[in-house]
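The values are calculated or read from the model by the stated rules, or taken from the named source; none is laboratory data. Quantities reported herein were computed from a predicted structural model and do not represent experimental measurements. In this analysis, Cβ positions are derived from the backbone assuming ideal geometry, glycine residues included, and neighbour counts consider all displayed protein chains.
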Amino acid sequence: MAMVNCPVCGHAMSTTATACPNCGHVMAATTAGRTVAPVHTKRRVGPGRWLAGLFALILLVLIALWYFDVVNFT
(Lines give C-alpha, C1' and ligand atoms only; values in the text may rest on other atoms or scores of the structure.)
Protein backbone atom coordinates (compact mmCIF):
# COMPACT_ATOMS: atom_id res chain seq x y z
CA MET A 1 0.00 0.00 0.00
CA ALA A 2 1.65 3.20 -1.21
CA MET A 3 0.90 6.72 -0.09
CA VAL A 4 0.12 9.65 -2.38
CA ASN A 5 -0.85 13.25 -1.77
CA CYS A 6 -4.39 14.48 -2.38
CA PRO A 7 -4.47 16.85 -5.39
CA VAL A 8 -6.86 19.20 -3.58
CA CYS A 9 -5.59 19.54 0.00
CA GLY A 10 -2.17 17.80 -0.16
CA HIS A 11 -2.99 15.41 2.70
CA ALA A 12 -1.26 12.00 2.55
CA MET A 13 -3.60 9.16 1.64
CA SER A 14 -3.50 5.55 0.50
CA THR A 15 -3.52 4.66 -3.19
CA THR A 16 -6.39 2.25 -2.50
CA ALA A 17 -8.61 4.94 -0.95
CA THR A 18 -11.55 6.09 -3.06
CA ALA A 19 -11.76 9.51 -1.37
CA CYS A 20 -9.44 11.74 0.63
CA PRO A 21 -10.03 11.28 4.38
CA ASN A 22 -9.22 14.95 5.01
CA CYS A 23 -11.25 16.88 2.41
CA GLY A 24 -13.46 14.16 0.86
CA HIS A 25 -12.21 14.66 -2.71
CA VAL A 26 -13.29 11.62 -4.75
CA MET A 27 -10.34 10.06 -6.58
CA ALA A 28 -10.57 8.57 -10.07
CA ALA A 29 -10.54 4.76 -9.96
CA THR A 30 -8.64 2.66 -12.48
CA THR A 31 -10.05 -0.61 -13.80
CA ALA A 32 -8.12 -2.74 -16.31
CA GLY A 33 -5.86 0.16 -17.29
CA ARG A 34 -8.81 2.48 -17.94
CA THR A 35 -9.42 5.57 -15.86
CA VAL A 36 -12.96 5.99 -14.60
CA ALA A 37 -14.19 9.55 -14.18
CA PRO A 38 -14.67 10.69 -10.57
CA VAL A 39 -18.14 11.05 -9.16
CA HIS A 40 -19.19 14.68 -8.85
CA THR A 41 -20.65 15.30 -5.41
CA LYS A 42 -21.31 19.04 -5.80
CA ARG A 43 -25.01 19.72 -6.24
CA ARG A 44 -26.33 22.57 -8.32
CA VAL A 45 -29.01 24.87 -6.97
CA GLY A 46 -31.95 24.99 -9.34
CA PRO A 47 -34.35 27.85 -10.01
CA GLY A 48 -36.89 26.43 -7.54
CA ARG A 49 -34.59 26.98 -4.59
CA TRP A 50 -33.75 30.50 -5.74
CA LEU A 51 -37.43 31.37 -6.05
CA ALA A 52 -38.22 29.87 -2.64
CA GLY A 53 -35.39 31.89 -1.09
CA LEU A 54 -36.55 35.08 -2.78
CA PHE A 55 -40.13 34.46 -1.63
CA ALA A 56 -38.95 33.90 1.95
CA LEU A 57 -36.89 37.09 1.86
CA ILE A 58 -39.81 39.16 0.56
CA LEU A 59 -42.11 37.65 3.19
CA LEU A 60 -39.58 38.44 5.93
CA VAL A 61 -39.32 42.07 4.78
CA LEU A 62 -43.12 42.46 4.73
CA ILE A 63 -43.42 41.00 8.23
CA ALA A 64 -40.69 43.35 9.49
CA LEU A 65 -42.44 46.35 7.93
CA TRP A 66 -45.73 45.33 9.54
CA TYR A 67 -44.13 44.60 12.93
CA PHE A 68 -42.34 47.94 13.15
CA ASP A 69 -45.48 49.71 11.86
CA VAL A 70 -43.69 51.28 8.90
CA VAL A 71 -46.50 50.32 6.55
CA ASN A 72 -50.14 49.98 7.59
CA PHE A 73 -51.60 46.96 5.79
CA THR A 74 -55.20 47.60 6.93
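Look at region 1-25: where a residue is in contact (Cβ under 8 Å) with a residue 12 or more places away in the chain and a partner is surrounded by 11 or more Cβ atoms within 10 Å (Cβ to Cβ) and among the hydroxyl-bearing types (Ser, Thr, Tyr), sitting 6+ places away or on another chain with Cβ atoms under 8 Å, you get MET1/SER14; ALA2/SER14; MET3/SER14. Restricting PRO38, PRO21 to those that are at pLDDT below 70 and surrounded by 11 or more Cβ atoms within 10 Å (Cβ to Cβ) reduces the list to PRO38. Looking at GLY53, is it surrounded by 10 or more Cβ atoms within 10 Å (Cβ to Cβ), at positive phi, small (Gly, Ala, Ser) and modelled with pLDDT of 70 or more? Answer is no for this residue.
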